Amino acid sequence: MAKHIRIGSSSRRSGNFFKIFFLALAAVAAVAFAIAVFILFEFEKPVLVLEKEIRFLGGKVELPLRVSDQKSGIRSITITLSQGTKTAKLLENTYPRQSWFKTAGPTSIKEKVIIDAQKAGIKEGDAELMIAVRDFSLNGLFQGNETVQRIRVTMDTKPPKVTISHAQRYIHPGGSGFVIYTISEKPGRHGVMIDTTFFPGFPTDKDNTYIAYFALPWDAKEPGSTKVFAEDEAGNEAIVPFPCSFKKAEEKRDSVNLSENFLQQKIPEFEQHYPEMHGTLLEKYLYVNNEIRQSNAQTIAKACAATDPKQLWSDRFFRMPGAGRAGYADQRSYLYNGKVVDNQTHLGVDIASTERVGIKAANRGKVVLAEYLGIYGNMIILDHGQGISSLYAHLSSIDTTVGTLVEKDQLIAHSGATGMAAGDHLHFSMLVHGIFVTPTEWWDQHWIDVNIKNVLNEK
């Protein structure tokens, strides 16, 4: 018998297979398309945070801002300033696309934008500052999601009026001075500029009147420029110079003999705090006297920078009773076996009394540092407000805590020989905005009366 081949049935099975295959392929494509649409057309807007309130524009104003977009990433940041029919573009930052199916641009940006509205040709009066941020989404007709912030501002191109009512007439290396001045409107940043060093000003009890203390380091040369600087909220600057006669200071020299016995006694103390030291006893000592000394200076400067805006002290600063040893700005040579191995400057006054004598606060102030600190050993720094600080070092014990407001003549510690001390004594320093100055001026009631107290009472 002849065999009959059922071609129709086989064709139907083959057709169903291809139909199912293409349907599955279409389903996969649809899912892939849906995922692509979900990724590329995401709807989450960028986040824009202004870290400073802007109310006035005129000079150069710094605008710190933070932008973030965790989905598609940031595409652009645009800042414009509008007044009537005039619109000026102040900033336009665009970022290239990095990919399509993952984050295409930066997810966060933090920067400080300098806005120079006057350069943009905007006149005095009301204006609108607009900040727009777009991401890499294809939403919004492929333009991306957009976050817009509009700020009503006032254009002010007139600088504040600054009037100096008192300025220090004489200054010397290691000396302190101050300026009293009035500003015609609420200021932003203001104070005294000695060449390129800025000393911030603080309000006094009188309206629109401010005081700024300044100082010269022990090795300062004659300043080329002394002036009061004031900037208003719009960024307009006013600068008023003041004359200040410079007096040279006499150089004083001192020497310290490093004996083997002293090194054997002192180095174990430093090794507890600085285990990274290595080498001979002398090499370890020199490491502390140089690298650790520099690190200590940075810590002290940071502690003095966070000062109270109010004057916490009154009248002269008390000097601990006792015999004066090393003085301020003594140029010290360190000798080992008769040879000079190091040179440093002593930035304070050493006062010796009985062992473990009570150390009292030289004036009213807040404890901003109370810890072991390298060459100073156990040390306390008091902030007396408006940039004035006092320092107490080589203590055997610290009897106060950070944040405590202590009164003048209040017990805060006991003397000792910690740190770079050969015997029990107090190392006392005065600082103005972190600059070590001679304490003798601040110990002198006549100097306080003539240079500060009487002047403040007159103004």
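Numbers below:
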| read-out | value |
| --- | --- |
| Scan of the stretch 329-350 for residues that are open to solvent by 30 Å² or more (accessible area, probe 1.4 Å) and either of a type in the set (A, V, I, L, M, F, W, C) or not in a strand (DSSP E or B) (or both), ordered by number | 335, 337, 338, 340, 341, 347 |
| Residue in the stretch 303-312 that is assigned to a helix (DSSP H, G or I), out of contact with any His (no Cβ under 8 Å at 6 or more places or on another chain), under 23 Å from residue 212 (Cα atoms) and in contact (Cβ under 8 Å) with a residue 12 or more places away in the chain present | yes |
| Residues located in the stretch 54-80, provided they are among the β-branched types (Val, Ile, Thr) and either open to solvent by 10 Å² or more (accessible area, probe 1.4 Å) or under 26 Å from the mean Cα position of the chain (by Cα) (or both) | 54, 61, 67, 78, 80 |
| Residues of the stretch 138-160 that turn out to be surrounded by fewer than 17 Cβ atoms within 10 Å (Cβ to Cβ) and over 23 Å from residue 83 (Cα atoms), as a count | 4 |
| Condition check for residue 438: of a type in the set (Ser, Thr, Tyr) and surrounded by fewer than 23 Cβ atoms within 10 Å (Cβ to Cβ) | no |
| Close pairs from the stretch 277-289: first without any contact (Cβ under 8 Å) to a residue 12 or more places away in the chain, partner assigned to a helix (DSSP H, G or I), Cβ under 7 Å, at least 6 apart | 277/270; 277/271; 277/284; 277/287 |
| Residue that is nearest to the chain's Cα centre (by Cα) [pool: residues in the stretch 253-291 that are of a type in the set (A, V, I, L, M, F, W, C) and under 15 Å from residue 417 (Cα atoms)] | 270 |
| Test: residue in the stretch 116-137 that is in contact with a Ser or Thr (Cβ under 6 Å, 6 or more places away or on another chain), small (Gly, Ala, Ser) and either open to solvent by less than 10 Å² (accessible area, probe 1.4 Å) or free of Cβ contacts under 8 Å to residues at least 60 places away in the same chain (or both) | yes |
| Tally of residues being outside any helix (DSSP H, G or I) and open to solvent by 70 Å² or more (accessible area, probe 1.4 Å) across the stretch 441-459 | 1 |
| Those residues of the stretch 234-267 which are part of a helix (DSSP H, G or I) and open to solvent by 60 Å² or more (accessible area, probe 1.4 Å), in sequence order | 260, 261, 264, 265 |
| Boolean, residue 227 is of a type in the set (Lys, Arg) and in contact with a Pro (Cβ under 9 Å, 6 or more places away or on another chain) | yes |
| Test: residue in the stretch 102-118 that is in a loop (DSSP other than H, G, I, E, B) and within 22 Å of residue 189 (Cα to Cα) | yes |
| Selection from the stretch 127-177 of residues that are in a strand (DSSP E or B) and under 30 Å from residue 225 (Cβ atoms) | 162, 163, 164, 165, 166, 167, 170, 171, 176, 177 |
| The stretch 89-103, residues that are within 33 Å of the chain's Cα centre (by Cα) and either of a type outside the set (Ser, Thr, Tyr) or farther than 21 Å from residue 145 by Cα (or both) | 89, 90, 91, 92, 93 |
| Checklist (1) within 30 Å of residue 119 (Cβ to Cβ); (2) modelled with pLDDT of 95 or more; (3) within 23 Å of the chain's Cα centre (by Cα) applied to residue 294, failing item | (1) |
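The values are calculated or read from the model by the stated rules, or taken from the named source; none is laboratory data. Since the structure is predicted, the reported quantities are computational estimates derived from the model, not experimental observations. We place every Cβ from the backbone using ideal geometry, glycine too, and count neighbours over all the protein chains shown. For accessibility, only protein heavy atoms count, side chains too; no ligands or nucleic acids. Shrake-Rupley method; radii C 1.70, N 1.55, O 1.52, S 1.80 Å.
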